[in-house]
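Input: a single structure, listed below in structure tokens.
The values are calculated or read from the model by the stated rules, or taken from the named source; none is laboratory data. Note that the coordinates shown come from a computational prediction; the quantities given were computed from them, not determined experimentally. Ideal geometry is used to build each Cβ from the backbone, glycine not excepted, and the neighbour counts take in all protein chains shown. All accessible areas refer to the heavy atoms of the entire protein, side chains included, with ligands and DNA or RNA removed. Shrake-Rupley method; radii C 1.70, N 1.55, O 1.52, S 1.80 Å.
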Amino acid sequence: MSTDVPSGEEKKDEQAEPLDVLDSGVTRFELVKEALRRDGVEILHYEPRFPIPGTKEEKRVVRTISFFFVLAGLAAFGFIAAYIWWPWEYEFGGADTWSKWYTPVLGALLGIALGGVGIGILTWSKKLLPVEELMQERHDGASDPVERRLTGATLAHIGDETGVARRPMLKRALLFGAAPLGLAALMPIGGLIKDPGDALFTTGFNPKFNGGNPVRLMREDGTLIRPEEISVGGQITAFPAIPGGATLEHADSPTLLIHLREPDAAEARANAYEMNQGSQWENIIAYSKICTHVGCPASLYEQQTNRLLCPCHQSQFHITNNATPIFGPATRALPQLPLGVDEEGYLYATSDYKVAIGPAFWEREKK
Amino acid sequence: MTVAAESRPRSRQRGRFRRLGKVARFIAALAFVGATYTAFSPGIYADEPTDAPLSIEAQKGKEIFDQSCITCHGPNAQGVEDRGPSLIGVGSAAVEFQVNTGRMPMARQEAQALRKPAMFTPEEAAFLGAYIQSIGGGPEVPDTVDLDNLEGADVANGGTLFRVNCSSCHAFSTGGGALSSGKSAPDIHPASSVEIYQAMLSGPQNMPVFADNQLTPDQKRDLIAYIKYIQDDQAQGGWDLGAFGPSTEGLAIFLVGIVALAIATLWIAGKS
Amino acid sequence: MKRRKLDVKQLPAKAAGELDDRFQLASPLRKVLTKVFPDHWSFLLGEIALFSFIVLLLTGTFLALFFDPSMTEVHYEGAYAPLRGIEMSKAYESSLNLSFDVRGGLILRQMHHWAALLFMASIVVHMGRTFFTGAFRKPRETNWLIGVLLFWLGFAEGFIGYSLPDDALSGTGLRIAGGIAESIPLVGSWVSFALFGGEFPGDSVIPMFYILHVFLLPGILLALIGIHVGLVLIQKHTQWPGPKRTEHNVIGYRMFPNYVSKQGGFFMLVFSVIALMAGLFQINPIWMFGPYRAEVVSAGSQPDFYVMFLDGIVRLFPAWEIRAFGFTIPAVFWPGIVGMGLFTMLPLMYPFLERRFTKDKAHHNLLQRPRDVPARAGVGAMALSFWVVCTLSGANDIIADKFNISLNAMTWGGRIGLLVVPPLAYLMTYRICLGLQQHDREVLAHGVETGIIKRDPDGRFYEVHQPLAQPDEHGHTSLEYNGWTVPKKMNRLGALAPTLKGFFKPIEQAEKPGANGDGSGEVEEGEKREEISAGK
């Protein structure tokens, strides 16, 4: 069988009569062209890249492709070896360690291996495969009107056969049965639905978590807090002193205790809203740490400007004025926790927060 | 006091008397002004504790202070309005921190004093600290805490403390972050262990104060050990792109990934 | 006993025969083998997304073998010293294990995350190409709709994916998502409680996210990607206008061997880029963030870049809350819910909106150069610039800190920028498109600038232009613009010697110009000149 591979442009409509495919005398390329023709493809341009085999240029290209594949193989071997034998276990990387290079070595070798195969294949495609330009008819657009009519008739007939159109009671009954069934299929999602109740209006400082007694404040390590332990111009993050008070069980409870300087404390007392009157304990003021915008901890306290900045969306709250927002997207002041000091000298919350903490929601004012 | 010109010299004697009188009145006027000034001006030694004179270090500190700090902080460190706050009661920790990090002397009035090359040697900073400590007291780094050798510090505890108290301003990576209106919490990488301690103790500018009864010296040591650990720990898994988080990661995927692959597509298919 | 002879050479033919006997593959197989695909670099951008998705599936499977999606609290006892003894969820602990206690775990985690970023970035770039060239017009509106859905599903999948490790950074993002859910009027608190199984954070959100992330969403994504690619196969890809190209044909090369080898090679390259980035660039160092705690946050907190536009617009939207009759519509409802709704609906509706405005209901298989549709290019520039301003505003605190700009000024800049930059972008793009169109027509009429300057006898300098067709006596041609690239440089006309191949030195001799037959006219080689010497 001759491998007749022509070069240059092909004449269109070369054969007047169809090719006899099963004729054994037909060349392979003629068979290929016939196959293309039957799929609506016409060859515009087709030539092998190296019509004369064995030129220096061809050998060069083959060598290049082989080089990339061999490189890939070596890199892959290197990857396997490094994966198994390079020290990988974590150790402090301050000194010069081998293990800190484990990931970079793996990544570099894997990258070279994959890249080598890729470049090899692509070079093969660009430099060894024949140059070709083919044209294929799309045959897209609407179907043949004959087909459309036939299919349309078939569908319409099937519709008639089911008889739904002719039987309105059946149609209505079907709808009545099917629609609720569809809804019923979605019902299990209802298992997710929970009534918020008053959960959004209570925090861990609510006495109900402490047997009806007011809740003290504690640090994250569980130690109780005395007022004198907060530096002037300083802040402490406090939690309700109940079991799990500093865990995510009470994610709404983190509170910022700030010890204001004397003039600032006086200003804060003077500015206090009615519900915040008396909530300060001397110069110590407590606000919810949960930002009223969307709930990040607002914790960047600027002790000289008395601004509290939330790092997520840059809301700024004025600490000496009820923590009202003075910049940014927050719309409501941070709720203030009313403080007291018990007979042992520890800080406690005289009541829960007076408004819902954190981000707003539809029924927020329904406390 | 104007002296009306005499029309005719009655006697030379009287003229001489008058010249003498002029001189006498001049001296009296000077004495009057001087006395008024002395009476109303704050005395240079007004706050000096009467029970102890300044130590040698404090004296040296005072000399430096009177030259370089007095314009903004006033002759007795009592502060000058709209220029510099009072340093009474700030303590040596604050002074050493500000001077050793070059923040003070501040180059100009601006939102934030930034770290810059220090103008004084650590020894001079210590003198200044001693001076301010002696005239007004304040927090100082205790001798009992070992900050040169952080062996035995609880790094994990330091991490917890860092994340609760510090990361909101200084970022998880200790690289710092923006505060409102042009202020910032600085990058902690350049700070030494002592400087970190001093900063916590003194609460420079808008940083809250963490006195030693709020965060004990051991807790501070744990914090410093954690900070130093994560700063020195080689970025695991390659270059950390500046440790800015998803913002630089997003930049990298476009500048490196998409650019490289777009160039690859040009190589593969070109323009037709 | 007779040994059956095994004819190895005939094995492929025999196997093929057996298969065809059972499945009648001959015709359909040949159809696939000979399918013609058009060739342009910009058609490969969507493939980046496809291949990164495959990498995501492969690396994700590995990670899923080690990850424990439980919010039960444990004490960490692994290799990373600064977290030892710290209480954390099992999800976070297993993610740390992957990073430090599983051999090769860190590079697989990083490959997964970089592949996710590449997936989203390439969708953005691919959407841009499809939009600006008008490939979404009839009959391909469905594919556009699927594509927009793929973007949003990828968005959800990525958000859920990086929230799985339950670290402090992604946990903050989850809190924000909860806050946005709470802002929905009437049912907000119920939606949030459904999501978290109660009050935030509960202990069911991570396990629920896990099933969404490894099962439900990948399934939907796979199905949609399958339909997306299938539609391209059935409808055939669009192509650029050019010689012999019409609305009714495709010109290019065959699926096998050319197209498939290019796709295979490109897949390897995409995989390679992901592997290289995963090894050389750290991503999502969760050990630095610590476990999620409600009181912990970092300065400079951002979501991944494809979510950053949402964070940006949430930062910028002013504090406008509506309170009436005891009910509240929180400010974040507008950017968080309504804004997201618009961002979803507008792109989905765009092909139909454009059809309405241009009254163009025709079937299109040829692409349009962006300059030829200045209004659409302008709209695209508007959308893109809006997205960029939002995304940059999502990182405005880092920009403020590193470039010493006031944070408050950055916020105001973003707010004003959102309103001012898109219209400016529209205007500029529109004018640039018109200018490019004019230049095309000018070159068609007057020819290509050759760079050869001549001087005529009265001293006037002029540049010689190479006309693109036979000019009239004034040097003008009457060529019409027909949507193809107009050659503007001499080397595009074949009028210069072809550029020499070879990287370091030429590997073939330069041919004489005009030899490959597509030159538009003969160019003289130039007379031999004598070497100019200093002269004596």
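Can you check what the Kirkwood hydrodynamic radius comes to for the protein assembly as shown, Cα pairs only, in Å to one decimal?
Numbers: mean 1/r = 0.0276 Å⁻¹.
Here the Kirkwood hydrodynamic radius works out to 36.2 Å.
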>> Run the helix sum for the protein assembly as shown: -39,500 (n - 2.57) per DSSP H stretch of 4+ residues, divided by residue count, reported at 222 nm to the nearest 500 deg cm²/dmol.
In response: -14500 deg cm²/dmol
>> Can you give me the long-range amide H partners of A:LEU337? Hydrogens built in the peptide plane at 1.01 Å from N, cutoff under 5 Å, separation of 5 or more residues or another chain.
In response: A:ALA286, A:TYR287, A:SER288
> Given H placed on each backbone N at 1.01 Å, which residues far from A:VAL131 in sequence or on other chains put an amide H within less than 5 Å of it?
Replying inline: A:GLU47, A:ARG49
> If Lys and Arg each add +1 and Asp and Glu each add -1, what is the summed charge of the other residues whose beta carbon sits under 14 Å from the beta carbon of A:ARG216?
Replying inline: -3
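Which of the peptides B:212-224, C:436-448 is most tightly packed, and how do the rest follow, judged by the mean count of other Cβ atoms within 10 Å per residue? Don't skip to the end; give the middle numbers.
Values: B:212-224: 20.2, C:436-448: 17.0.
For the peptides B:212-224, C:436-448, the packing ranking is B:212-224, C:436-448.
What ratio of Cα Rg to 2.2 N^0.38 Å holds for region A:199-366? Don't skip to the answer; put the middle values down first.
Working: Rg = 14.5 Å, N = 168, 2.2 N^0.38 = 15.4 Å.
Working it through for region A:199-366, the quotient is 0.94.
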> Considering every pair of different Cα atoms, what Kirkwood radius, in Å, is found for region A:101-230?
Replying inline: 26.4 Å
>> For peptide C:242-250, what's the mean number of Cβ atoms from other chains within 10 Å of each residue's Cβ?
In response: 4
>> Compute accessible area for region A:327-347 by itself and then with all protein chains, 1.4 Å probe, and report residues whose area falls by 40 Å² or more.
In response: A:PHE327, A:PRO329, A:THR331
> In whole angstrom, how far apart do the alpha carbon centroids of region C:301-347 and region C:368-408 sit?
Replying inline: 18 Å
> To the nearest 10 Å², what's C:TYR462's accessible area with a 1.4 Å probe?
Replying inline: 80 Å²
>> Can you give me the distance in nm between label points at C:LEU342 and C:MET208, each placed 7 Å from the Cα along the Cα-to-Cβ direction?
In response: 2.9 nm
> Tell me, what ³J(HN,Hα) does each residue in region A:312-319 have, in order and in whole Hz, if you take phi through Karplus 6.51 cos²θ - 1.76 cosθ + 1.60 with θ = phi - 60° and put x for Gly and Pro?
Replying inline: 6, 10, 6, 6, 10, 10, 8, 5
> In the full protein assembly as shown, how much of C:ARG137 is accessible to a 1.4 Å probe, in Å² to the nearest 10?
Replying inline: 20 Å²
> Once Lys and Arg get +1 and Asp and Glu get -1 on their Cβ, which of B:PRO139, A:SER24, C:LEU436 lies farthest toward the positive end of the dipole of the protein assembly as shown?
Replying inline: C:LEU436
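For A:TRP85 and A:LYS354, calculate 0.36 nm times their separation in residues minus their Cα-Cα distance, and state this gained length in nm to one decimal.
Numbers: separation 269, 0.36 × 269 = 96.84 nm, distance 6.18 nm.
Using 0.36 nm per residue and subtracting the Cα-Cα distance, I get 90.7 nm.
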> For region B:94-139, with equal point scatterers placed on the C-alpha atoms only and solvent neglected, what are the log10 I(q)/I(0) values from the Debye formula at q = 0.17, 0.19, 0.23, 0.26 1/Å, to two decimals?
Replying inline: -0.47, -0.57, -0.77, -0.89
> Modelled label-to-label distance, B:THR144 and C:LEU33, 7 Å Cα→beta-carbon offset: nm?
Replying inline: 8.8 nm
> Which residues in region C:276-296 place their backbone N less than 14 Å from a point set 7 Å from the Cα of C:PHE66 along the Cα-to-Cβ direction?
Replying inline: C:286-287
>> For region B:106-160, which GluC sites (Glu not before Pro) pass both filters: DSSP loop (anything but H, G, I, E, B) and at most 14 other C-beta atoms within 10 Å?
In response: B:GLU110, B:GLU151
> For chain B, treating each Cα as an identical point scatterer without solvent, what Debye log10 I(q)/I(0) comes out at q = 0.10, 0.12, 0.13, 0.16 1/Å?
Replying inline: -0.69, -0.86, -0.95, -1.23
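Loop only by DSSP, 14 or fewer other Cβ within 10 Å of the Cβ. Give me the trypsin sites (Lys or Arg not before Pro) in region A:19-56 that pass, ordered by residue number.
On the way: sites: A:ARG28, A:LYS33, A:ARG37, A:ARG38, A:ARG49, A:LYS56; in loops: A:ARG49.
Passing sites in region A:19-56 are A:ARG49.
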> In nanometres, what is the gap between the two model label sites at C:THR142 and C:ASP458, each 7 Å from Cα along Cα-to-Cβ?
Replying inline: 6.7 nm
> ³J(HN,Hα) across region C:57-73 via Karplus (A = 6.51, B = -1.76, C = 1.60, θ = phi - 60°), whole Hz, x for Gly/Pro?
Replying inline: 4, 5, 5, x, 4, 4, 4, 5, 6, 10, 7, 10, x, 10, 9, 4, 7
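Treating the beta-carbon of each Lys and Arg as +1 and of each Asp and Glu as -1, no other charges, what is the dipole magnitude of chain A about its Cα centre, to the nearest 20 debye?
Values: 35 positive and 46 negative charges, 110 e Å.
So the magnitude is around 540 debye.
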> Helix A:102-127 versus the longest principal axis of chain A: what is the Cα-based angle in degrees, 0 to 90, to the nearest 10?
Replying inline: 30 degrees
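Using protein heavy atoms only (no ligands, DNA or RNA), what is the total accessible area buried between B and C, 1.4 Å probe, nearest 100 Å²?
Values: alone 17700 and 32710 Å², together 45660 Å².
Result for this pair: about 4700 Å² buried.
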> Using just the C-alpha positions of region A:56-136 as equal point scatterers, what log10 of I(q)/I(0) does the Debye formula give at each q in 0.19, 0.22 1/Å?
Replying inline: -0.81, -0.94
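Assign unit charges at the C-beta atoms only (+1 for Lys and Arg, -1 for Asp and Glu), then state the dipole size of region A:20-100 relative to its Cα centre in Debye, rounded to the nearest 20.
Values: 10 positive and 12 negative charges, 65 e Å.
Its charge dipole is roughly 320 debye.
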>> With just the Cα atoms defining each centre, how far is region A:40-57 from region C:41-73? Give it in Å.
In response: 40 Å
>> Tell me which of A:GLY73, A:TRP88, A:VAL131 sits at the most positive position along the dipole axis of region A:56-136, charges placed on C-beta atoms (Lys, Arg +1; Asp, Glu -1).
In response: A:VAL131
> Once the Cα atoms of region B:145-241 are picked out, what are the Rg and Dmax in Å?
Replying inline: 13.2, 40
> Please state the relative contact order of chain C as a whole percent: Cα pairs under 8 Å, 6+ residues apart?
Replying inline: 15 percent
> Under 5 Å between amide H atoms, partner at least 5 residues away or on a different chain: which partners does A:ILE326 have, H built in plane at 1.01 Å?
Replying inline: A:GLN316, A:PHE317, A:HIS318
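With all protein chains present and a 1.4 Å probe, how do C:ARG140, C:ARG84, C:ARG22 order by accessible area, largest first?
Numbers: C:ARG140 20, C:ARG84 110, C:ARG22 155 Å².
Of C:ARG140, C:ARG84, C:ARG22, the descending order of accessible area is C:ARG22, C:ARG84, C:ARG140.
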>> Residues of region C:348-388 with backbone nitrogen within less than 11 Å of a virtual label 7 Å along the Cα-to-Cβ line of C:LEU419, please, listed as ranges.
In response: none
>> I need the peptides B:111-121, C:414-424, B:247-257 ranked by packing, meaning the mean over residues of other C-beta atoms within 10 angstrom, with the highest value on top.
In response: B:247-257, C:414-424, B:111-121
> Across the residues of C:32-42, average count of Cβ atoms on other protein chains within 10 Å?
Replying inline: 6
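What does the net charge come to around A:SER231 if you take all other residues with beta carbon closer than 13 Å to its beta carbon, with K and R at +1 and D and E at -1? All intermediate terms of the calculation are to be shown ahead of the outcome.
Details: positive: A:ARG226, A:ARG261, B:LYS220; negative: A:GLU228, A:GLU229, B:ASP212.
So the surrounding residues net to 0.
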>> Taking just the alpha-carbon atoms of chain A, what radius of gyration and Dmax come out, in angstrom?
In response: 39.5, 112
> Taking the highest mean first, how do the peptides B:24-35, C:231-242 order by number of other beta carbon atoms within 10 angstrom per residue?
Replying inline: C:231-242, B:24-35
> Given B:GLY245, B:ALA264, B:ILE230, which one lies farthest toward the positive end of the charge dipole of region B:147-272, if we put +1 on the Cβ of every Lys and Arg and -1 on the Cβ of every Asp and Glu?
Replying inline: B:ALA264
>> What number comes out for accessible area per residue over the protein assembly as shown if the probe is 1.4 Å? Units Å², please.
In response: 51 Å²
> If you place +1 on the Cβ of every Lys and Arg and -1 on the Cβ of every Asp and Glu, how big does the dipole about the Cα centre of the protein assembly as shown come out, in debye to the nearest 20?
Replying inline: 3120 debye
> In whole Hz, what ³J(HN,Hα) sequence does region C:21-38 give by Karplus (6.51, -1.76, 1.60; θ = phi - 60°), x for Gly and Pro?
Replying inline: 4, 8, 10, 6, 8, 4, 5, x, 4, 5, 4, 5, 5, 9, 4, 9, 10, x
> If you check each cysteine of the protein assembly as shown for another cysteine whose beta-carbon is under 4.7 Å away, which ones come up empty?
Replying inline: B:CYS69, B:CYS72, B:CYS166, B:CYS169, C:CYS390, C:CYS433
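Roughly how crowded by other chains is peptide C:229-239, in terms of the mean Cβ count from those chains within 10 Å of each of its Cβ atoms? The partial results should precede the final answer.
Numbers: counts 0, 0, 0, 0, 0, 1, 2, 5, 0, 0, 2.
For this peptide, the per-residue mean of nearby foreign Cβ atoms is 1.
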